[in-house]
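The values are calculated or read from the model by the stated rules, or taken from the named source; none is laboratory data. Note that this is a predicted model, so its numbers are computed, not measured. So basically every Cβ, Gly included, is an ideal-geometry build from the backbone, and we count neighbours across all protein chains shown. Ligands, DNA and RNA are stripped out before the accessible areas are found, and what is left, the full protein with its side chains, is counted by its heavy atoms. Shrake-Rupley method; radii C 1.70, N 1.55, O 1.52, S 1.80 Å.
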Amino acid sequence: MPELPEVEFARSCLSRWLGGKTLRAVEADPTRVIRGAAPKAFAALARDRVAKVERRGKWLLWRLASDKGLLAHLGMTGKFELTKPGAPAVRWSRVRFVRSDGAVVHYRDPRQFGHIRLAPFSELLTTEPLKSLGPDAKDQLPTAKALEARLHKSRRQVKEVLMDQTVVAGLGNIQVTEALFLARIHPARRAESLTPSEVVRIRQGIVKSLARTLAMNKGDKITYVEESKRVENPFLVYGKANSPCPRCGTPLKKMVIGGRTSAFCPRCQPRTPGPAAAGRPRRRK
Ligand SMILES: [Zn+2]
């Protein structure tokens, strides 16, 4: 499922394919992706120009040269794909942006959990979901102190709090599972119980996990890890319960938090913080 790194990949593709370009036509099929909006409203974007494509957390925000904007969420299986002029139809294509050279950018989404909303740009900025979105986990990641303040406001489990888009935007099950493993923090720890040094580790874990995933996504095509059994799971612990921990070899465990499965190492990420969780042994008397 797309999280910040996959959406960032989509943003960079869209910027390359459509940034500064005039749209010859926009065709939206009447599917769940446009949530009852009129395909005609999308068709009216013909001759408009894509000024900029930005990312806000897991959302793609298109600014058009007119006062219009598009807000897109990839849901579970959504992707943008470019086809050359005259290419055959694309399966599961739901919305098509035709360039003046005839190339087409398809929004392709087999399961249709994704969403594209068309509205005045200023309205997209001031209404949900962007209105309540927390700072971006990549471009505006809070300092450790500020992150601590955000985490301490919650009695929920740290895994759930980090997945809350109003706390930090862009992280989902994969990134939080990986970041907590890197930070050696049990996913079920109460957010309010985290010490300053643990929050520092969580912050570092987020930075490292995002950088690692961003570096994996190259080129013009992307495959999500759940999409195909032929794609090897590239993550450290996500989706790897029962496999050996890449750090200590202990079999990874899983538990469900906030409706999502979390893999973790029971040895590296103990529920009760002790010497093992402190990272380095204490040297002071
Ligand atoms: Zn381990």
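A few points about this structure:
- Electrostatic dipole magnitude of the chain [Cβ: Lys, Arg +1; Asp, Glu -1; Cα centre; debye, to 20]: 1040 debye
- Cross-link pairs exceeding 20 Å between alpha carbons, from the set Lys58/Lys153; Lys79/Lys208; Lys145/Lys208; Lys159/Lys208; Lys58/Lys221; Lys68/Lys131: Lys58/Lys153; Lys79/Lys208.
- Dimensions of the chain along the principal axes, based on C-alpha atoms and rounded to the nearest Å, stand at 72, 41, 29, largest first.
- Springs between Cα atoms under 10 Å define the GNM used for the chain, and in it the highest mean-square fluctuation of Val256, Val200, Val98 occurs at Val256.
- Anisotropy class of the range 8-60 from Cα gyration tensor, a/c 1.5 cut: oblate
- Using C-alpha pairs below 8 Å separated by at least 6 residues, the relative contact order for the range 68-222 is 19 percent.
- 0 to 90° range, to nearest 10: angle between helix 196-216 axis and the chain longest Cα axis: 40 degrees
- Were the residues from Lys131 through Met255 laid out at 0.36 nm apart, the gain over their Cα-Cα distance would be 41.4 nm.
- Sulfur and carbon atoms: percent of accessible area, the range 76-144 [1.4 Å]: 54 percent
- Mean residue ellipticity (222 nm) of the chain, computed from DSSP H runs ≥ 4 via -39,500 (n - 2.57), nearest 500: -7500 deg cm²/dmol
- Nearest-10 value in Å² for the accessible area of Ile257, using the 1.4 Å probe: 0 Å²
- Percent accessible area from carbon and sulfur atoms, the range 185-244, protein chains only, probe 1.4 Å: 53 percent
- The chain, relative contact order in percent, only Cα pairs under 8 angstrom and at least six apart counted: 16 percent
- Sparse-neighbour loop sites [chymotrypsin sites (Phe, Trp or Tyr not before Pro); the range 53-89; at most 12 other C-beta within 10 Å; DSSP]: none
- Rolling a 1.4 angstrom probe over the protein heavy atoms with all chains in place gives the range 92-183 an accessible area of 39 Å² per residue.
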